[in-house]
1. Might you let me know whether segment 223-232 holds any residue that is touching a helix residue (DSSP H, G or I) at 6+ places or on another chain (Cβ under 9 Å), within 16 Å of ligand 1 (Cβ to nearest atom) and touching a residue at least 24 places away in the same chain (Cβ under 8 Å)?
2. Can you say whether residue 266 is surrounded by fewer than 21 Cβ atoms within 10 Å (Cβ to Cβ) and either at positive phi or assigned to a loop (DSSP other than H, G, I, E, B) (or both), as far as the supplied structure shows?
3. Do we find a residue being part of a loop (DSSP other than H, G, I, E, B), buried (at least 20 other Cβ atoms within 10 Å of the Cβ), in contact (Cβ under 8 Å) with a residue 60 or more places away in the chain and at positive phi anywhere in segment 5-20?
4. With respect to residue 267, determine if the residue is within 16 Å of ligand 1 (Cβ to nearest atom) and in contact with a helix residue (DSSP H, G or I) (Cβ under 8 Å, 6 or more places away or on another chain).
5. Among residues belonging to segment 120-154 that are more than 22 Å from the chain's Cα centre (by Cα) and surrounded by 12 or more Cβ atoms within 10 Å (Cβ to Cβ), point out the one that is nearest to residue 268 (Cα to Cα).
6. Can you tell me which condition residue 27 does not meet? The list is (1) in contact (Cβ under 8 Å) with a residue 12 or more places away in the chain; (2) within 23 Å of residue 361 (Cβ to Cβ); (3) more than 23 Å from the chain's Cα centre (by Cα); (4) not in a strand (DSSP E or B), and all the others hold.
7. If I ask for residues that are in contact with a helix residue (DSSP H, G or I) (Cβ under 7 Å, 6 or more places away or on another chain) and surrounded by fewer than 12 Cβ atoms within 10 Å (Cβ to Cβ), which ones from segment 34-53 would you list?
8. Looking at segment 271-285, which of its residues are within 15 Å of ligand 1 (Cβ to nearest atom) and either farther than 14 Å from residue 111 by Cα or within 8 Å of the chain's Cα centre (by Cα) (or both)?
Ligand code: IPM
Ligand code: MN
């Protein structure tokens with residue numbers, strides 16, 4: 001039987017609770033589709049840091065490198081100063097394991113979960129490809145005269161041609177393979193006539209960030225001819241924030257840098273029903289990828305069985321899809337859609353009409 005070894009970092013707060021449900025549902029899919037999942041738990045997070053002073057031992061990073069996939073619940077602890085766990089665990093793994101793509105599907109499963117008037121599942125169905133190793137996150141910069149009235153702080157955005165090219169290439173490939181090449185319904189008849197099947201929008205700020213996004217823009221133009229079935233488009237980041245609210249149906253696949261991707265995917269998560277459903281994958285196509293619900297550790301809900309596990313379950317589905325088990329991933333998604341539409345009152349924590357474990361049970365049973 002086909003077997004997958006997966007590292008699991010449950011992490012802090014409600015991370016372990018939602019992880020348990022994601023694993024439960026993935027197991028149900030594995031049973032149905034005839035493969036095996038071997039979980040390898042790692043004790044990493046705020047609790048361990050407070051006990052031992054260790055954030056992420058080098059030896060653990062080396063062990064994690066041996067896996068094709070890591071499942072991550074959440075990191076973030078109220079007693080740990082902001083930045084230590086985020087930089088020391090999440091960003092360190094994204095960088096050291098060269099997870100250069102952050103993939104964030106944005107899909108609304110039920111109209112009532114969208115805070116935007118008159119928008120339903122037919123309007124919100126796009127995917128954001130966020131660069132995940134460079135930009136403002138690279139940590140370039142420094143300060144002078146700290147703490148004095150003359151203090152200077154510089155934080156630079158690093159954009160390499162190699163980093164931009166590999167991100168764009170991934171995004172063009174996502175667009176090319178989307179809907180198995182069936183034309184996206186947002187295309188104009190003349191685009192379909194011209195053989196287009198998908199649209200890729202570069203999200204930037206070419207009017208102000210004239211070095212960084214000039215590079216992105218040229219790289220985008222240079223690559224486009226290799227993908228004749230993809231309609232290319234461009235939008236400034238501020239305009240995209242407007243359009244996500246006003247016309248989310250205009251988007252199919254979006255590619256952007258690290259910082260803009262961080263910001264627009266939080267906005268996008270809200271129009272898809274919130275952090276209770278939004279999931280993401282940190283992808284290194286040739287190495288170790290890591291899948292996580294987009295929300296944080298929500299420490300105030302810890303142990304109460306009230307947090308929504310669907311984002312975590314969706315992250316599990318993304319992971320199975322990435323591992324090549326696309327039928328199992330599709331079955332999880334179908335079960336999620338069915339249970340949201342028949343059994344879940346609200347996607348907000350404490351308002352689902354069921355507990356965390358019960359939602360996991362319902363979805364597992366639906367598979
Ligand atoms: C995300 C998060 C992280 C980020 C934080 C926790 C460092 O907001 O995954 O979007 O900024 O990338
Ligand atoms: Mn974020």
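1. So in segment 223-232, the residues touching a helix residue (DSSP H, G or I) at 6+ places or on another chain (Cβ under 9 Å) come out as 223-224, 226-227, 229-232.
Filter once more, keeping what is within 16 Å of ligand 1 (Cβ to nearest atom): none.
No, the conditions are met nowhere in segment 223-232.
2. Answer is no for this residue.
3. The first filter runs over segment 5-20 and keeps only residues part of a loop (DSSP other than H, G, I, E, B), leaving 12-14.
Adding the requirement that they be buried (at least 20 other Cβ atoms within 10 Å of the Cβ) leaves 12-14.
Now narrow it down to the ones that are in contact (Cβ under 8 Å) with a residue 60 or more places away in the chain: 12-14.
Going one step further and asking which of them are at positive phi, we end up with 13.
Checked segment 5-20: at least one residue is part of a loop (DSSP other than H, G, I, E, B), buried (at least 20 other Cβ atoms within 10 Å of the Cβ), in contact (Cβ under 8 Å) with a residue 60 or more places away in the chain and at positive phi.
4. Details: within 16 Å of ligand 1 (Cβ to nearest atom): yes; in contact with a helix residue (DSSP H, G or I) (Cβ under 8 Å, 6 or more places away or on another chain): yes.
In short, yes.
5. Our first condition is that a residue be more than 22 Å from the chain's Cα centre (by Cα); within segment 120-154, this holds for 140-154.
Among the residues that remain, those that are also surrounded by 12 or more Cβ atoms within 10 Å (Cβ to Cβ) are: 140-141.
Details: 140: 28, 141: 29 Å.
Applying the filter and picking the extreme gives 140.
6. Among (1) in contact (Cβ under 8 Å) with a residue 12 or more places away in the chain; (2) within 23 Å of residue 361 (Cβ to Cβ); (3) more than 23 Å from the chain's Cα centre (by Cα); (4) not in a strand (DSSP E or B), residue 27 violates only (3).
7. none
8. Residues satisfying the conditions are 275, 278, 279, 280, 281, 282, 283.
The values are calculated or read from the model by the stated rules, or taken from the named source; none is laboratory data. The model shown is predicted, which means the values in this text are computed figures rather than measured ones. No Cβ is skipped: glycine too gets one built from the backbone with ideal geometry, and neighbour counts run over all protein chains shown.
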